[in-house]
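Take a look at the structure below.
We did not get these values from a lab; they are worked out from the coordinates using the rules stated. These figures come from a predicted structure and were not determined experimentally. Counting neighbours? That spans all protein chains shown, and the Cβs are built from the backbone with ideal geometry, glycine included.
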Amino acid sequence: MASTTASAAAPPRPLHLRSPPPSRRTSLAISARALPSTTFPSLRTCLVPLSHAHRRSRHLTVRCNSGLNPELKSTLDKVVNSSKVVLFMKGTKDFPQCGFSHTVVQILKSLNVPFETLDVLSNEALRQGLKEYSSWPTFPQLYIDGEFFGGCDITVEAYKSGELQELLEKTMLS
């Protein structure tokens, strides 16, 4: 009898950099080119200090500190209230980088609703902070009139039922 073994997917590999001399403190800058620097400067760059905990190893593991700090929360409040409809997505409305983001973009375009998008792939701090901000772990995330509406599945269901059109008409008139 042949047995089948389930192969576990390998966890994503962390980014490794050469270890700097122990006497120097180093930072890794992660920037979001898609964000306008004049409008939301605090989302443009996240400086991530590198730890010297692994001095004996030849590589350092780099992870972005992913907390929703007060400055990021304030900036996200401004972003979601800057337009009636805001979509945090993977990619841009002209070039979505995932099928779920593409689906929500197509729904909004079919309803002829003006909306702004922000690419969460271009900024790790933004992506992690949004997960805490909305208490929603996945993307895309749709905000209507400053309130979190939902992800792709919720948006599709609301579109099919007519609830989304109703809400957007009401929002655009206010």
Highest first, please rank the peptides 73-82, 133-142 by the mean number of other Cβ atoms sitting within 10 Å of their residues. 133-142, 73-82
Could you work out the local net charge near Y143, counting Lys and Arg as +1, Asp and Glu as -1, over the other residues with Cβ closer than 11 Å to its Cβ? -3
Using 7 Å Cα-to-Cβ label points, what is the K78/Q97 separation (nm, one decimal)? 2.4 nm
Between K109 and T171, what is the spin-label point distance in nm, taking each point 7 Å from the Cα along the Cα→C-beta axis? 1.8 nm
Between segment 136-157 and segment 60-129, the alpha-carbon center distance in angstrom: 11 Å
For segment 67-122, rounded, prolate or oblate, judged on the Cα gyration tensor with a ≥ b ≥ c (square roots of eigenvalues), a/c < 1.5 rounded, else prolate if a/b > b/c? oblate
Which of E132, E163 comes first, and how do the rest follow, when ranked by fewest Cβ neighbours within 10 Å? E163, E132
Rounded to one decimal in nm, the spacing of the 7 Å Cα→Cβ label points at S135 and N69 is 2.5 nm
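Net charge around L164, counting only other residues with Cβ within less than 15 Å of its Cβ (Lys, Arg = +1; Asp, Glu = -1)?
Working: positive: K84, K109, K160, K170; negative: D145, E147, D153, E157, E163, E166, E169.
Local charge sum for L164: -3.
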